[in-house]
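Before any comments, here is the structure.
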């Protein structure tokens, strides 16, 4: 179940200013890495992020063109917007607390670190102790660790389904499991746009990670271009495509630095109706390209605007692991879309606890910041 809730004007945004240090240590601004090389961690279901499958999906640090000076009115705004999920398909958040979260992924109950779960758990300890998999090790989002299987050893992958798409869950060394379910709200929105369109749509999925969003879009009828700089992530995405017997769907799998790709698309005049972008905080591309979110995001969005089609339906940005307010990316998106009309809506993605049965609403766990431009 997905809910779209907007706070009333003047009401404090969920999380307040500085909301979502999203995995950064409290009070510590993100340090700029000397060499920005991280094994890449898969960030929420798109290319690899800092330290894992995500790292490879990074964009180039060297700007190859200046920012375009925009004129015209800024788009209207809707803030704060809270996009809430109570789970979907084979996933739901069972309980959270004491810096941990207990999740259901298909047949498995999984325990992982969650720094924002400051409250005590609701369920008894024996429920948590009966989890099939528990991540142990470095509690920092970019840190490595290992999985402990209290009952029996489990394989690296297992089948899952979200929004009618089959894919593989994965136990990775960076605590991630091959999908970032808070993105369900964006995928459901995209699916509705594609199915309701009276024309074929082209979707660009930047930092695409294991391809679940790309498969959702293609299954709904879109022509999809999926970009990730990680060969491993692209391989996983193709596995997911094969698992769902979706090989004939129109998806281009591009293993390349994201910024280089969109710069080339701009030069070629290629356009997209919907662009999803889920960049990491820090990253390094396949040829040593360095990405730093706070330095390179303005140019990336600027180029994305240029490759939106004249009848585009949306530009979606999700930001994790940064110490900032959603207003940071909200105002950037409004500046980027000056003169384009439409509306920029920004806020947080949250997952609400659903209990053991998956249907009992509990507390909301904030997961990331987002900003989305839509034409109306």
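The values are calculated or read from the model by the stated rules, or taken from the named source; none is laboratory data. Everything quoted here is computed from the prediction, not taken from an experiment. Virtual Cβ from ideal backbone geometry, glycine too; neighbours counted across all protein chains shown.
Out of all the residues in segment 261-273, which are in contact with a helix residue (DSSP H, G or I) (Cβ under 9 Å, 6 or more places away or on another chain) and part of a loop (DSSP other than H, G, I, E, B)?
270, 271, 273
Restricting to segment 118-147, what's the tally of residues that are at pLDDT 95 or above and closer than 26 Å to residue 240 by Cβ?
Residues that pass the stated criteria total 6.
Looking at residue 228, is it more than 26 Å from residue 185 (Cβ to Cβ), touching a residue at least 60 places away in the same chain (Cβ under 8 Å) and surrounded by 24 or more Cβ atoms within 10 Å (Cβ to Cβ)?
It is false that residue 228 is more than 26 Å from residue 185 (Cβ to Cβ), touching a residue at least 60 places away in the same chain (Cβ under 8 Å) and surrounded by 24 or more Cβ atoms within 10 Å (Cβ to Cβ).
State whether the residues of segment 136-156 include one that is touching a helix residue (DSSP H, G or I) at 6+ places or on another chain (Cβ under 8 Å) and either under 25 Å from residue 212 (Cα atoms) or crowded, with 22+ Cβ neighbours inside 10 Å (or both).
So far as segment 136-156 goes, no, none of its residues is touching a helix residue (DSSP H, G or I) at 6+ places or on another chain (Cβ under 8 Å) and either under 25 Å from residue 212 (Cα atoms) or crowded, with 22+ Cβ neighbours inside 10 Å (or both).
Could you check segment 75-92 and list, in sequence order, the residues that are under 24 Å from residue 120 (Cα atoms), modelled with pLDDT under 95 and outside any loop (DSSP other than H, G, I, E, B)?
Within segment 75-92, 85 is the sole residue that qualifies.
Looking only at segment 93-117, filter to residues that are over 20 Å from residue 149 (Cα atoms) and in contact with a strand residue (DSSP E or B) (Cβ under 8 Å, 6 or more places away or on another chain); which one of those is modelled with the highest pLDDT?
117
Run down 155, 235 and say which single residue is within 25 Å of residue 320 (Cα to Cα), more than 17 Å from the chain's Cα centre (by Cα), modelled with pLDDT of 95 or more and not in a strand (DSSP E or B).
Just one listed residue meets the conditions, 235.
How many residues does segment 242-260 hold that are surrounded by fewer than 23 Cβ atoms within 10 Å (Cβ to Cβ) and assigned to a helix (DSSP H, G or I)?
3
Restricting to segment 185-199, name every residue that is at pLDDT below 95 and touching a strand residue (DSSP E or B) at 6+ places or on another chain (Cβ under 9 Å).
none
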